[in-house]
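What follows is calculated from the coordinates using simple rules that are stated; it is not laboratory data. What you see is a predicted model; the values in this text were computed from it and never measured. FYI the Cβ positions are ideal-geometry reconstructions off the backbone, even for glycines, and counts take in every protein chain you see.
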Amino acid sequence: MKIVKIEDLHCDAGWRDFSFLKITTDDGLVGWSEYNEGYGSAGLTAVIRRMGQDLIGQDPRPIERIMSRIYAITRQAPGGMNQQAMAAIENALLDVKAKALGIPVYELFGGPVRDRLPLYWSHCGSYRFRNADVMKVDPVRSFDDVVKLGKHVKERGFKALKTNIFRFDLNPPNMHQPGFGRTIGGPELNADGATLAAISDGLAAFRQGAGPDMGILLDTNFNFKTEGYIKVARTCEPYNLFWLEIDSYDPEGLRLIRDRASMPIASCESLFGRRQFRPFFENRSIDVSIIDVPWNGLMESLKVAAMAEAYEINCAPHNFYGHMSTLMSAHLCAAMPNFRIMEIDIDDVPWKDDLVTHPPVIQNGELIVPTRPGWGADINEEAVRAHPPKNPHP
């Protein structure tokens, strides 16, 4: 078996694009993966294309050997775009190999530990500020709308939801995201009184709507510094959070926050590989480790999870992409023993289901682990072409 073609496909996904990698072999097998060129990774497709040139004519099945060689080639520029390109290739190769054997990908790693995955509804209300018309859902314009949405999540059978910081006191109302340069508050990233009040009001509204048993997660991203995150944690204390999610590259600072917080701390979604995760484990900086499968690759993600297990830390996937990413992340959750909960975006563009041959199956807030070969679905190329991306990929 030899690789004969490596292609990338892209489609409009409302406020961003979905991107897919397709690896074709000489016997007609096709492996798929999903990657993301937005959110700071502009130009990733060009890196994947260049990296993939050396794979033409190679046997796709010795994946560890292939990825070890690519790692050695990119050793002087680790992580970042190189790692994301490696992950896209690795994930597509896993799909090829599992299909060649006629088994799901998780069977390559000892088989499933579980066949149902509890989910949390991610970005709950967050996308409805600006994209409700695209998604054809009710917009969020007030805390009363947040209460209503909390009730809706409970009625759908979900046991947990994750939200962001809503600022209805701004004109126009928006999410609080200075860490990404999108709203006021940067670059100093201080936690002022109005922001802390908005956090409290938003959590109170979700708790009122979803009830006392709903797991509520708050994602604060990169929006504060250590002092601010400590203030945020204190503000969240009355609302019994499932976890407080923080993005940080400072394991010692995160440990300080964790020591002063009364709720579990989740982090690490922006890290690459075991070497970046290690100091966060060694410093006991987190309660839950978040791993991005499209960024790290499933093989590396499982190695990170195995290392986390040695520190009594459970893991959850970072999964805010399309359905192919959801399926890839589901195989991680199925295979690793130390699983916490799985992220999924429910609010999305109406054509999201059309992009894959078998959309994920969700029952009562749980994802049913697929049993078909590979990831359990292929990309519907006709549907992808029906929604051309807003941004060109020359």
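Assorted remarks:
- Evaluated at q = 0.17 Å⁻¹: base-10 log I(q)/I(0), Debye formula over Cα of region 83-195: -0.94
- If you wrap the tightest convex hull around every Cα atom of region 280-394 and split its volume per residue, you get 142 Å³.
- Using alpha-carbon coordinates, inclination of helix 80-101 to the longest axis of the chain, degrees: 60 degrees
- Rounded to the nearest 10 degrees, the angle from helix 323-335 to the longest Cα principal axis of the chain is 90 degrees.
- Available extension along the chain between residue 109 and residue 381 is 95.0 nm, counting 0.36 nm per residue and deducting the alpha carbon span.
- Centroid-to-centroid separation of region 171-204 and region 299-314 [C-alpha atoms, Å]: 33 Å
- Relative to the longest principal axis of the Cα atoms of the chain, the long axis of helix 63-73 lies at roughly 80 degrees.
- Here is how the number arises for the chain: DSSP H runs of 4 or more residues each give -39500 (n - 2.57), the sum is divided by the residue count, and the result at 222 nm is -11000 deg cm²/dmol.
- For the chain, the relative contact order is 20 percent, taking Cα pairs closer than 8 Å that sit 6 or more residues apart in sequence and dividing their mean separation by the residue count.
- Centroid-to-centroid separation of region 340-385 and region 85-103 [C-alpha atoms, Å]: 17 Å
- Relative counts (whole %) of C-alpha pair distances in region 134-254, using bins that are 10 Å wide: 13, 45, 33, 9, 0
- For region 3-102, the fraction of C-alpha pairs more than 19 angstrom apart is 39%.
- In loop segments of region 139-248 as defined by DSSP, the GluC sites (Glu not before Pro) with at most 10 further C-beta atoms inside 10 Å of their C-beta are 188.
- Its Cα gyration tensor gives region 222-324 an equivalent ellipsoid. The semi-axes, each the square root of 5 times an eigenvalue, are 23, 15, 12 Å from largest down.
- Under the simplified labelling scheme, the residue 204-residue 371 pair shows an inter-label distance of 4.9 nm, with each label point 7 Å from Cα along Cα→Cβ.
- Normalised contact order of region 317-387, rounded percent, pairs of Cα under 8 Å and 6 or more residues apart: 36 percent
- Here the Debye sum runs over all C-alpha atoms of the chain as equal scatterers in vacuum, and log10 of I(q)/I(0) at q = 0.10, 0.11, 0.12 Å⁻¹ comes out as -0.64, -0.78, -0.94.
- Given charges at beta-carbon only (K, R positive; D, E negative), |dipole| of the chain in Debye: 360 debye
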